[in-house]
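Inspection log for the structure reproduced underneath, given as C-alpha cells.
The values are calculated or read from the model by the stated rules, or taken from the named source; none is laboratory data. All of these numbers come straight from a predicted model, not from anything done at the bench. Quick reminder, even Gly has a Cβ in these numbers, built from the backbone with ideal geometry, and neighbours come from all protein chains shown.
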Amino acid sequence: MVDNKYIGLAMAIVGSFAIGTSSVITKMGLTASADGHGTASTDNMAFLRNSMWWAGMGTLVVGEVANFGAYTFAPPIMVTPLGALSVIVAAVFASFLLNERLGHLGRIGCTLCIIGSSIIVLHAPEDQEVETVTQFLEYAVEPGFLLYCFTVLVFALIMAYGVAPRHGRTNPLVYISIASLVGGVSVMFVKGFSVALKLTFSGENQFVYPSTYLFVLIAAVCIVVQLNYANKALDLFSVNLVNPIYYVGFCTATIVASLILFKGFNTTSATNTVSLLAGFVVTFLGVHVLNLAMLDEAEAAASSVSLGEVSPWTQGHARRNSRGSLDGLRTPVFGAFTIGAEPRSAASVGLEGVRLERLDEEEEDYEEEDVDERTALHVGGRGSGSSSETTSRGGSRRASPLPRISPRPV
C-alpha cells in the first residue's frame, strides 16, 4: 500500500500546477476588467463581470481542493513548500500569455526550486498522529499558538486599515504580507478540518464535536481574507513579482505556525532536520533568483520604454490618459511615478523664445563694438589707443577695454 505521505505529495503537485495556472488566468481577467482610466478593477469590482477571472477562480478552487487533500495525508511542513511548483508554472505560462520574460537566470531559479522541493520531500517528517479532533483543539488552544493568532490579527488590521490606503498601490509587500500571514493561520485550521474528515471517513464521526465546525468557520474566514488581498496584489503588480514574494511569505508563515502549533518539526533525527532546513533555503533561493531574473528583464526593458512599450513588471497597468501618454508606471517594489518629461506650457515656450532673441542681439552688439574698437586701435595709432573711452553704436559711451596685444606686428 502506498504511504500516505506520497499520496499527499501527488495531490500537492496537482494543486500547485492548478494554482500556478490560475494566477495567470486571474491576472488576464483583472487586466481585461480595468477601465483604462487609472482605476483598478478591484476598486469597482468590475472583475466580477469578467468570464476570464471566473475561469481563474475555478482553476484556483481545483488547486485548493487538491491542496486540501494533500494536507489530509501529509504534514503542512511538506505540502506548503511544494507551492514553489506553482511559482514555476506561473512564470512559464506568464512568459507565453502575458509577455513577461523568463530568461536564462529565471530558468536557473526554477531549477533551484525543483531541487529544494525534492530535498524537502525526501526528508519531510511523518504527519502528526491525531486520534480525535478534540486532540487537535488542545494543540490550538495552547497559549503560544493563541498569542501567535492574536499577533497576526492585530498586524492584519493595522496593515489593512492603516498602511494599505497610503502605500498599498506602490508597495506589493503591504497586501502580500496580509495574505501570507492570514494564509499561514488558515493552513493550520484547514489541517484540523481535514483530520476531522479523514477520521470520519475511517468510521469515527468527528462532526459530533463543536470544534469541527469552529475549524471550518475560522478556515473559511481566513481563506476569504487571504484571497481578497492576494487578488489586490495581483491586480496592481506583475505576476512574476507577486508570486515569488507571496510564496516566500506564505511558506515562512506556515512553517512558523506549524512549529508553534505542533511544537517542533517532528523529525526523527538531527540530520533530517538540517536537511529539511537546507531544502527550505534552496527553495527560497530559487524563488529569489527567479525574482531577480524578472527584475533584470524589467530594467533592460525600462531603457526602451516609449508610448507603445510597457515594462514587464507592470504589464497591462500603465494607464493611458486622454492625450495618449503613459501615466503611473511603477517600479518593481517601491515607487509610483511617471516616466517622462513634463509638458511645457505655451507661456514658458514663448518666454524661452524671447530670452533667446535678446541673447542673440546682445551677442551681435558686443561683436560690433569689439570690431569698432580694434579698427580704431589699428587706424588711430597710439593717440586714439590711449583714449579711455570709446563711442558705441548706440551713442552711449563706455570704458574702453585694455589694449589688445596682436600676435603680429602692425
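Taking segment 13-24 as the search range and keeping residues that are hydrophobic (A, V, I, L, M, F, W, C) and modelled with pLDDT under 90, which one is nearest to LEU98 (Cα to Cα)? Looking at the filtered set, the residue picked out is VAL24. Can we say ALA140 is under 25 Å from ALA66 (Cα atoms) and either surrounded by 18 or more Cβ atoms within 10 Å (Cβ to Cβ) or not β-branched (Val, Ile, Thr) (or both)? Yes: the conditions hold for ALA140. Scanning segment 208-259 for residues that are touching a Phe, Trp or Tyr at 6+ places or on another chain (Cβ under 8 Å) and part of a loop (DSSP other than H, G, I, E, B) yields a total of 2. Restricting attention to segment 153-176, the residues that are buried (at least 18 other Cβ atoms within 10 Å of the Cβ) and under 18 Å from MET188 (Cα atoms) add up to 1. Looking across segment 115-168, just one residue is within 14 Å of ALA179 (Cα to Cα) and outside any helix (DSSP H, G or I), and that is GLY168.
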